[in-house]
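Heads up, the thing below is written out as structure tokens.
Readers should treat all values here as calculations from the given coordinates under stated rules, not as data from a laboratory. Everything quoted here is computed from the prediction, not taken from an experiment. All Cβ positions, even for glycine, are placed from backbone atoms using ideal geometry, and neighbour counts span all protein chains on display.
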Amino acid sequence: MANFPAELRYAESHEWVKMVDGVAVVGLTAFALEQLTDLIVMDLAKVGTKVKKGGRLGEVESVKSVSDIYAPLGGEVVEVNKTIVDDLAQLPVDPYGKGWLLKIRPDNPAELDSLMSAEGYQSAISAHDH
């Protein structure tokens with residue numbers, strides 16, 4: 001089972017968030033990447049896109065399925081990690097570091113409080129395994 005960094009917050013839809021200088025850095029959890037397996041293509045929202053919490057940020061296609069990526073908080077997309085989008089094989093190597101997907105300037109930073117801690121996320125995914 002993957003280890004989840006304690007300094008991050010987690011959404012039930014398997015995205016993680018780290019606040020850096022008032023901007024939310026968003027990625028997919030190692031657990032989500034393990035479930036998806038071999039990634040083929042990823043399509044993410046463009047810079048300038050306004051998203052609502054729980055709204056669609058994009059999708060990732062693997063050999064198994066196509067999965068939506070959701071916004072863990074609402075705001076404006078201010079940066080997309082083109083390096084990862086162009087080389088998806090690098091995503092599982094460092095999902096909580098260089099594998100970030102995009103950055104959002106949150107409309108309401110308090111939405112972060114509704115996300116799970118690492119322990120809460122671990123419990124949530126453990127419950128799904130049974």
Could you name the lysines whose alpha carbon sits less than 23 Å from that of K103, not counting residues in the same chain fewer than 8 places away?
K18, K46, K50, K52, K53, K82
Which one, D38, D21, D68, has the greatest fluctuation when you compute a Gaussian network model over the chain with C-alpha springs under 10 angstrom?
D21
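I need V20, V85, V80 ordered by Cβ neighbour count within 10 Å, fewest first.
Ranking V20, V85, V80 by Cβ neighbours within 10 Å, fewest first, gives V20, V85, V80.
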What list of ³J(HN,Hα) couplings, whole Hz, do you get for region 39-45 from phi and the Karplus terms 6.51, -1.76, 1.60, once you set θ to phi - 60° and write x for glycine and proline?
7, 10, 8, 9, 10, 10, 4
Starting at the first residue of region 9-19, write each ³J(HN,Hα) from the Karplus equation 6.51 cos²θ - 1.76 cosθ + 1.60 with θ = phi - 60°, in whole Hz, x for Gly and Pro.
10, 10, 9, 4, 7, 6, 9, 10, 9, 10, 7
A correct Karplus calculation of ³J(HN,Hα) over region 75-84, with 6.51 cos²θ - 1.76 cosθ + 1.60, θ = phi - 60°, whole Hz and x for Gly and Pro, returns x, 10, 5, 10, 7, 10, 7, 4, 4, 6
Going by amide H atoms built from the backbone, whose H comes under 5 Å of the H on I69, apart from near neighbours?
L57, G58, E59, V60
For the chain, evaluate the Debye formula with one uniform point scatterer on each Cα (no solvent term) and list log10 I(q)/I(0) at q = 0.09, 0.10, 0.19, 0.23 Å⁻¹, rounded to two decimals.
-0.22, -0.27, -1.06, -1.56
Tell me the trypsin sites (Lys or Arg not before Pro) within region 17-78 that lie in a loop according to DSSP and have at most 14 other beta-carbon atoms within 10 Å.
K46, K52, K64
With Cα springs under 10 Å, the Gaussian network model of the chain assigns the largest mean-square fluctuation among A45, A24, A89 to A89
